[in-house]
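A.B. asks: Handing you a structure now.
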Amino acid sequence: MQLDNSVIVITGASSGIGAATARAASRAGARLVLAARRADRVQDLAAELGRAVGVRCDVTDQEQVGSLVQAALDSFGRIDVLVNNAGQGLQATTEQIALADFRAVLELNLVAPLALMQAVLPTMRRQGAGSIVNVSSGTTFADVPGTGGYVASKIAIERLSAIARNELDGTGIVVSTIIPFATDTEFLSSIRAGRADAEAMTAGADFDTPEQVADAILELIGSGAARADLVPAAYGGTR
Ligand SMILES: NC(=O)c1ccc[n+]([C@@H]2O[C@H](COP(=O)([O-])OP(=O)(O)OC[C@H]3O[C@@H](n4cnc5c(N)ncnc54)[C@H](OP(=O)(O)O)[C@@H]3O)[C@@H](O)[C@H]2O)c1
């Protein structure tokens, strides 16, 4: 997939990895549809980057997902890439995890990406081409106490991505998964419940910058590979 002039929808573009991906994609010549609940942030970023629109969208609301896709088509007439990046952490042991928190994290990290995929696929099928990148997490490589709810949502999106990829084989639509390692964003301060232990997340390794993850996402869009991870070899990854 060529990035130049392509239309890329990025969820969770108001901070961290999503905002960095927007900046990197803009530099590569893409046209952008930037979605988040904090509309002021995505609208300011869109105005700064140009050839971009910022759309207020809670991705757990199916109607708003439909409006987001419509806004992309109204603005640019096509959708080449979807980056399913919006997400949130949850920190609680299996004994203590509140079911309401678990359901909310599954809605955001798993159900919403599926809703987004379903919403863009008719357009991508009409085009005969498209790229979908779903964002998982390096926490799936370990069994760190307290991460079960979050890891369950991310493992599930990885499997859903892999199976969707097979289902779409031959259509020109490619589904990929990016697996960031611990990254310096607002993530740790926006955990839905509990506090993440940064030390346990990295086992002492350095945090990546969101720009490093953005570069990996763009590379994945370009290559169409099934998955890429930024997890150090010492933790079971390929880096
Ligand atoms: N940081 C890490 O260490 C790390 C590691 C591995 C994977 N990840 C994954 O990377 C992705 C991006 O996270 P980040 O690190 O960049 O964290 P972040 O800075 O907290 O960004 C999260 C983004 O998700 C958006 N979001 C949350 N709930 C939403 C909703 N209901 N509707 C629409 N947007 C919503 C937020 O925007 P609004 O609040 O404005 O809606 C924000 O833009 C997540 O899927 C996360 O699980 C992060």
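The values are calculated or read from the model by the stated rules, or taken from the named source; none is laboratory data. In this text, all values refer to a predicted model and were calculated from it rather than measured experimentally. Cβ: placed from backbone, ideal geometry, glycine included. Neighbour counts: every protein chain shown. Note: areas computed on protein heavy atoms with side chains; ligands, DNA, RNA excluded. Shrake-Rupley method; radii C 1.70, N 1.55, O 1.52, S 1.80 Å.
A.B. asks: Per residue, how much accessible area does the chain have with a 1.4 Å probe, in Å²?
C.D. replies: Using a 1.4 Å probe on heavy atoms only, each residue of the chain averages 45 Å².
A.B. asks: With a Cα-only, solvent-free Debye model of region 36-78, what are the log10 I(q)/I(0) values at q = 0.19 Å⁻¹?
C.D. replies: Per q value, in the given order, log10 I(q)/I(0) is -0.55.
A.B. asks: First check a/c for region 1-142, with a ≥ b ≥ c the square roots of the eigenvalues of its C-alpha gyration tensor; if it is under 1.5, answer rounded, and if not, answer prolate when a/b is larger than b/c or oblate otherwise. Intermediate values should be presented prior to the final figure.
C.D. replies: On the way: a/c = 1.83, a/b = 1.65, b/c = 1.11.
In terms of gyration-tensor shape, prolate.
A.B. asks: Just to confirm the number: angle between the C-alpha axis of helix 62-76 and the first principal axis of the chain, 0 to 90 degrees, nearest 10?
C.D. replies: 40 degrees
A.B. asks: Still on this structure, I have one more. Within 10 Å of each candidate Cβ there may be at most 15 other Cβ atoms; applying that plus a DSSP loop requirement, which trypsin sites (Lys or Arg not before Pro) in region 146-195 survive? Walk me through the numbers before you get to the answer.
C.D. replies: Numbers: sites: LYS154, ARG159, ARG165, ARG192, ARG195; in loops: ARG192, ARG195.
When the trypsin sites (Lys or Arg not before Pro) of region 146-195 are filtered for loop state and at most 15 Cβ neighbours within 10 Å, ARG195 remain.
A.B. asks: Another question, then. Using the alpha carbon gyration tensor of region 72-133, what are the three equivalent-ellipsoid semi-axes (square root of 5 times each eigenvalue), largest first, in whole Å? Working shown, then result.
C.D. replies: Values: eigenvalues 210, 18, 16 Å².
Semi-axes (√(5λ), whole Å): 32, 9, 9.
A.B. asks: Per-residue ellipticity at 222 nm for the chain, helices alone: DSSP H runs ≥ 4 residues times -39500 (n - 2.57), over residue total, nearest 500 deg cm²/dmol? Working shown, then result.
C.D. replies: On the way: 8 runs with 101 residues, N = 239.
Helices in the chain give a 222 nm mean residue ellipticity of -13500 deg cm²/dmol.
A.B. asks: Something else: State, in angstrom, two size descriptors of region 88-187 derived from its alpha carbons: Rg to one decimal place and Dmax to the nearest whole number.
C.D. replies: 15.0, 47
A.B. asks: If you don't mind, there's one more thing I want to ask. Return the carbon/sulfur percentage of the accessible area of region 33-158, one whole number, probe 1.4 Å, all protein chains in place. Mind showing how you got there, number by number?
C.D. replies: Numbers: 2790 of 5670 Å².
Its accessible area is 49 percent carbon and sulfur atoms.
A.B. asks: Label region 1-84 by shape, choosing from rounded, prolate and oblate, from the square roots a ≥ b ≥ c of the eigenvalues of the Cα gyration tensor; if a/c is under 1.5 it is rounded, and otherwise prolate applies when a/b is larger than b/c, oblate when it is not.
C.D. replies: Oblate is the answer for region 1-84, as a/c is 1.5 or above yet b/c matches or exceeds a/b.
A.B. asks: In degrees, nearest 10, range 0 to 90: what is the angle between the Cα axis of helix 112-127 and the longest Cα principal axis of the chain?
C.D. replies: 30 degrees
A.B. asks: In whole Hz and in residue order, list the ³J(HN,Hα) couplings for region 207-217 that follow from phi through the Karplus curve 6.51 cos²θ - 1.76 cosθ + 1.60, θ = phi - 60°; x for Gly and Pro.
C.D. replies: Once rounded to whole Hz, the list reads 6, 7, 8, x, 5, 5, 5, 4, 4, 5, 5.
A.B. asks: Please work out how much accessible surface LEU106 shows to a 1.4 Å probe, ignoring ligands, DNA and RNA, in Å² rounded to 10.
C.D. replies: Roll a 1.4 Å probe over it and LEU106 shows about 40 Å².
A.B. asks: Which of rounded, prolate, oblate describes region 144-184, given a ≥ b ≥ c as roots of the alpha-carbon gyration tensor eigenvalues and a/c under 1.5 marking rounded, otherwise prolate only if a/b is larger than b/c?
C.D. replies: It is oblate, given that a/c is not under 1.5 and a/b is not larger than b/c.
A.B. asks: Would you kindly compute the Cα radius of gyration of region 132-239 and its largest Cα-Cα separation (Dmax), both in Å?
C.D. replies: 14.2, 44
A.B. asks: Quick one: work out Rg over Rh on the C-alpha atoms of the chain, Rh as Kirkwood radius. Walk me through the numbers before you get to the answer.
C.D. replies: Numbers: Rg = 16.7 Å, Rh = 17.7 Å.
Rg divided by Rh gives 0.94.
A.B. asks: Against the longest principal axis of the chain, how steep is helix 39-49, in degrees 0 to 90 to the nearest 10, with axes from Cα atoms?
C.D. replies: Between helix and principal axis, roughly 60 degrees.
A.B. asks: How big is the gap, in Å, between the Cα center of region 216-231 and the Cα center of region 48-114?
C.D. replies: 20 Å
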